[in-house]
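Read-outs: derived from the displayed coordinates by stated rules, not from any lab. These figures come from a predicted structure and were not determined experimentally. No Cβ is skipped: glycine too gets one built from the backbone with ideal geometry, and neighbour counts run over all protein chains shown.
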Amino acid sequence: MNHAQSESPGIHPAPIHFIRGKKVMLSRDLARLCGVRSGTLSQLVRRNCERFPEEMAFQLTREEFKSSMAQFVTSKSRQGRRGKPPWVFTEHGVAMLAILTRSQKIFQINRNIDWKTGALRRR
């Protein structure tokens, strides 16, 4: 990402990662932005799995999760725990979450993310 872009007013880095050749957001990052628990998003995906093909959302394998722990900043409360690997969502997966939850907040977040540059526009 362009350093000047991250310092522009109203533009902040979005928590976007490159995994399996796709730009994705971790469920916990999306949940934090939306003000919900990441388990809530995981439950929604499990209950609507036919609406989330792998092109939209997938759960990291344990190996991917372990190898990426250095890349993802973990909170102290999660360090040392062995939880399930997180779900990750592509741009279309985030849009599907917005549709299923009818959440204006998720819709706004997806709309404000520039998935090409990884910037989050704050409005």
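At full extension, LEU100 and THR40 could sit 20.4 nm farther apart than now, given 0.36 nm per residue minus the alpha carbon distance. Distances between placed amide hydrogens fall under 5 Å for ALA57 paired with THR90, all partners being 5 or more residues away or on another chain. Ordered by the count of other Cβ atoms within 10 Å of each Cβ, fewest first, ARG46, ARG51 give ARG46, ARG51.
Each residue in VAL24, VAL45 was given a count of other beta-carbon atoms within 10 angstrom of its own, and listing them fewest first yields VAL45, VAL24.
Computed from backbone phi with θ = phi - 60° and the Karplus coefficients 6.51, -1.76 and 1.60, the 3J(HN,Hα) list for the stretch 96-108 is 5, 4, 4, 5, 5, 8, 6, 8, 5, 5, 5, 4, 5 Hz; x is used for glycine and proline.
Sorting the segments 92-100, 55-63 by their residues' average number of neighbouring beta-carbon atoms within 10 angstrom, most packed first, yields 92-100, 55-63.
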